[in-house]
Amino acid sequence: MNLDLSTKAEITWCPGCSNSQILVAFRQAVDEIVKNKELKIEDLVIFSGIGCHGKITDYLNINSFTSLHGRLVPTMTGVKCANPNLKIVGFSGDGDSLDEGIAHLIHAAKRNSDISLFIHDNKIFALTTGQFNALSSKGFKGKSTPEGNIEEPLNPLLIALSSGATFVARTYAGDIQGTKKIMQEAINHKGFAFVDIIQPCITFFDTRDYFKDKIYWLEDNYPRDDFNKALEKITESTQEKVSLGIFYKKDKPTFEEELYK
Ligand code: SF4
């Protein structure tokens, strides 16, 4: 029997928003790993920050915590420190964790805290109706940059990898099965798992056409333990192609293991 992870909360994302695809992928991911006895549902705690993504905790019948803007990562690491037996998964927006909360992201990756962070990457501040953020491309025209953004975007995967994350991956919300599998591997990873989920905002920055011909999955024999290969893949030009998959995965003692030694 499938777990009923739904709630009575009305879904208020824009009709057709790709956040719904992330929600479906996560429900399926959790349902399967609970059925496989890899996780007890009562041991899972989910977190969100502020932004369109933040509503996801309202739509999941799982222990949850909605944090302040950009502050879900320290909340996650605090809960994990207090009870290392819990499985900690956070949902965050690119504005939430790459603008407001970027210092927390870097330090959680550096410590290899045993948590998973899923970024809903729509490359704008969507909840506030489309202002540019740290991941917006140069030239992006939005509410606060009507003549075009003059800054280059950050590469979130490069930040996670160079800060010490031991699991670094990217997926595309529209590929629900691919996203589900990446989520499962991230949840089962011991250490800091960073997953960038490309999540087009169909209302304020619809990038579906841009990405649909560019995305491709890494080949099956891609060497996940090769740091330099990961660096090469995540810095390759995104003008022509955008790779999806697990770029890097490494076993390393976690912050909580070191803390409780
Ligand atoms: Fe989704 Fe964009 Fe609407 Fe937010 S504003 S719910 S990201 S489509």
_Looking at Ala230, Ala186, can you tell me which residue is under 18 Å from the mean Cα position of the chain (by Cα) and within 30 Å of Ala82 (Cβ to Cβ)?_
Ala186
_the stretch 1-30, residues that are more than 11 Å from the ligand (Cβ to nearest atom) and not hydrophobic (A, V, I, L, M, F, W, C)_ = Asn2, Asp4, Ser6, Thr7, Lys8, Glu10, Arg27, Gln28
*Hey, Val195 hits all of (1) more than 16 Å from the ligand (Cβ to nearest atom); (2) of a type outside the set (Ser, Thr, Tyr); (3) not in a strand (DSSP E or B) but one; which does it fall short on?*
(3)
*Provide a single number: the residues in the stretch 94-139 that are part of a strand (DSSP E or B) and either open to solvent by 10 Å² or more (accessible area, probe 1.4 Å) or among the acidic types (Asp, Glu) (or both).*
4
*Which ones in the stretch 41-53 are open to solvent by 10 Å² or more (accessible area, probe 1.4 Å) and within 16 Å of the ligand (Cβ to nearest atom)?*
Ile50, Gly51, Cys52
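Counting only residues that are in contact (Cβ under 8 Å) with a residue 24 or more places away in the chain and part of a helix (DSSP H, G or I), which one in the stretch 75-93 is farthest from the chain's Cα centre (by Cα)? Walk me through it before giving the result.
Within the stretch 75-93, the first condition is being in contact (Cβ under 8 Å) with a residue 24 or more places away in the chain, and the residues that meet it are 75-77, 79-81, 84-93.
Within this subset, residues satisfying the condition of being part of a helix (DSSP H, G or I) are 75-77, 79-81.
Values: Thr75: 16, Met76: 14, Thr77: 16, Val79: 19, Lys80: 18, Cys81: 21 Å.
Looking at the filtered set, the residue picked out is Cys81.
Could you grab me the full set of residues in the stretch 6-27 that are open to solvent by 10 Å² or more (accessible area, probe 1.4 Å) and part of a helix (DSSP H, G or I)?
Step one: filter the stretch 6-27 for residues open to solvent by 10 Å² or more (accessible area, probe 1.4 Å), giving 6-17, 20-21, 24, 27.
Residues satisfying the conditions are Ser20, Gln21, Val24, Arg27.
Going through the stretch 198-247 one residue at a time, which ones are within 16 Å of the ligand (Cβ to nearest atom) and open to solvent by less than 80 Å² (accessible area, probe 1.4 Å)? Show your work before the answer.
Taking the stretch 198-247 as the starting set, the residues that turn out to be within 16 Å of the ligand (Cβ to nearest atom) are 198-211.
Listed by number, the residues that qualify are Ile198, Gln199, Pro200, Cys201, Ile202, Thr203, Phe205, Asp206, Thr207, Phe211.
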*Which of the residues belonging to the stretch 28-47 are within 10 Å of Leu86 (Cα to Cα), out of contact with any Lys or Arg (no Cβ under 8 Å at 6 or more places or on another chain) and assigned to a loop (DSSP other than H, G, I, E, B)?*
Lys40
*asked:* I need the full set of residues from the stretch 140-160 which are touching a residue at least 24 places away in the same chain (Cβ under 8 Å) and either acidic (Asp, Glu) or buried (at least 24 other Cβ atoms within 10 Å of the Cβ) (or both), in order please.
replied: Leu157, Ala160
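The values are calculated or read from the model by the stated rules, or taken from the named source; none is laboratory data. Quick caveat: nothing in here was measured; it's all calculated off a predicted structure. All Cβ positions, even for glycine, are placed from backbone atoms using ideal geometry, and neighbour counts span all protein chains on display. Calculation scope for accessible area: heavy atoms of the full protein, side chains included, ligands and nucleic acids excluded. Shrake-Rupley method; radii C 1.70, N 1.55, O 1.52, S 1.80 Å.
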